[in-house]
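Peer 1: Handing you this structure, nothing more for now.
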Amino acid sequence: MEIDFIYILSQIFTILMYALMAWTYFLKDKRKIVIVSAFSLVASIIAYILLGAWTGLAMCVVAMLRNLYILWEEKKNGKRETNEKRDYIFLAIVYLGIILATIPTYEEFLSLLSVFATSIYTYSIWQKGTRIYKFCGIPVGILWIAYNAYVKSIFGVILEAFLLIASVIGYVAEVKSAKGGKI
């Protein structure tokens with residue numbers, strides 16, 4: 001790994017991405033989570049382009065399309081408390097997109113860590129409530145730490161560890177508030 005201008009720039013975008021992503025674990029409104037996550041993905045896309053991390057990049061593009069659809073769908077049909085048939089179709093299409101995006105970018109087994117993380121995150125963001133989103137942030141964080149180590153993103157590993165802590169804190173706070181302040 002050569003630490004040159006491109007690598008430093010990738011780490012700056014990585015820092016921006018994780019700052020935005022950490023913020024989502026403290027938001028209570030799903031729409032705001034999706035919007036902030038979209039900005040986070042833009043920074044992530046740029047970072048992975050600079051790192052040459054093609055599977056991670058592909059997963060970020062799929063995730064961006066997923067998030068844009070979620071925003072469009074919510075604006076068009078409003079908030080709903082339950083999933084409908086079109087939600088299940090959407091989920092199947094996103095998972096198909098993940099598979100199709102993985103095929104040309106597959107490098108080796110460790111490149112699939114980003115695929116697994118994106119798959120779990122997709123399931124979590126698809127939920128109508130935020131509790132599962134916050135809980136799924138835990139395995140997603142572990143997978144992204146491993147992927148960032150694989151692509152040699154120093155700040156990706158460090159900041160994903162902080163994001164993992166933020167997701168645990170956010171999940172515990174959600175559980176605590178649902179139980180009237182008791183865990």
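The values are calculated or read from the model by the stated rules, or taken from the named source; none is laboratory data. Since the structure is predicted, the reported quantities are computational estimates derived from the model, not experimental observations. Quick reminder, even Gly has a Cβ in these numbers, built from the backbone with ideal geometry, and neighbours come from all protein chains shown. Remember, those area values only see protein heavy atoms, side chains included, never the ligands or the DNA or RNA. Shrake-Rupley method; radii C 1.70, N 1.55, O 1.52, S 1.80 Å.
Peer 1: Out of every Cα-Cα pair in the chain, what percent are more than 27 Å apart? Each step should come with its number before you reach the end.
Peer 2: On the way: 4181 of 16653 pairs.
Of all Cα-Cα distances in the chain, 25 percent exceed 27 Å.
Peer 1: With a 1.4 Å probe and every protein chain kept in, tell me what percent of the accessible surface of segment 35-145 is carbon plus sulfur. Could you put the intermediate results ahead of the total?
Peer 2: Numbers: 3930 of 5340 Å².
After summing per-atom areas, the C and S share lands at 74 percent.
Peer 1: Roughly speaking, what is the stretch gain from residue 82 to residue 107, that is 0.36 nm per residue apart minus the C-alpha to C-alpha distance, in nm to one decimal?
Peer 2: Taking 0.36 nm per residue and subtracting the Cα distance, the gain is 5.2 nm.
Peer 1: What whole-number value in Å² describes the accessible area per residue of segment 1-100 for a 1.4 Å probe?
Peer 2: Working: 5480 Å² over 100 residues.
Per residue, segment 1-100 has 55 Å² of solvent-accessible surface.
Peer 1: Holding the Cα-Cα limit at 21 Å, pick out from 76/128; 28/75; 75/134 the pairs that are longer than that.
Peer 2: Beyond 21 Å between Cα atoms: 75/134.
Peer 1: List the GluC sites (Glu not before Pro) in segment 53-159 that DSSP assigns to loop (not H, G, I, E or B) and whose Cβ has at most 14 other Cβ atoms within 10 Å. Which are they? The partial results should precede the final answer.
Peer 2: Working: sites: 73, 74, 81, 84, 107, 108; in loops: 81, 84, 107, 108.
Passing both the DSSP loop test and the Cβ count: 81, 84, 107, 108.
Peer 1: Rounded to whole Hz and in sequence order, give me ³J(HN,Hα) for segment 8-23 from the Karplus expression 6.51 cos²θ - 1.76 cosθ + 1.60, θ = phi - 60°, writing x for Gly and Pro.
Peer 2: After applying 6.51 cos²θ - 1.76 cosθ + 1.60, I find 4, 4, 4, 6, 5, 5, 5, 4, 4, 4, 6, 5, 5, 5, 4, 4 Hz.
Peer 1: Cα-based Rg of segment 120-183 per 2.2 N^0.38 Å, rounded to two decimals?
Peer 2: Numbers: Rg = 13.1 Å, N = 64, 2.2 N^0.38 = 10.7 Å.
Ratio of Rg to 2.2 N^0.38 Å for segment 120-183: 1.23.
Peer 1: Another one. Could you work out how much longer the chain between residue 177 and residue 8 gets when fully extended? Use 0.36 nm per residue separation minus the Cα distance between them, nm to one decimal. Can you show the working numbers first?
Peer 2: Numbers: separation 169, 0.36 × 169 = 60.84 nm, distance 4.03 nm.
Here the segment from residue 177 to residue 8 would lengthen by 56.8 nm.
Peer 1: Between residue 71 and residue 96, what's the calculated FRET efficiency when r is the beta-carbon distance and R0 is 22 Å? Round to 0.05. Could you put the intermediate results ahead of the total?
Peer 2: Numbers: r = 20 Å, r/R0 = 0.92.
My answer for the efficiency is 0.60.
Peer 1: Whole number please: convex hull volume per residue of the Cα set in segment 99-147, in Å³? Could the numbers behind the result be given before it?
Peer 2: Working: hull volume 2.7 nm³, N = 49.
Dividing the Cα hull volume of segment 99-147 by its residue count gives 55 Å³.
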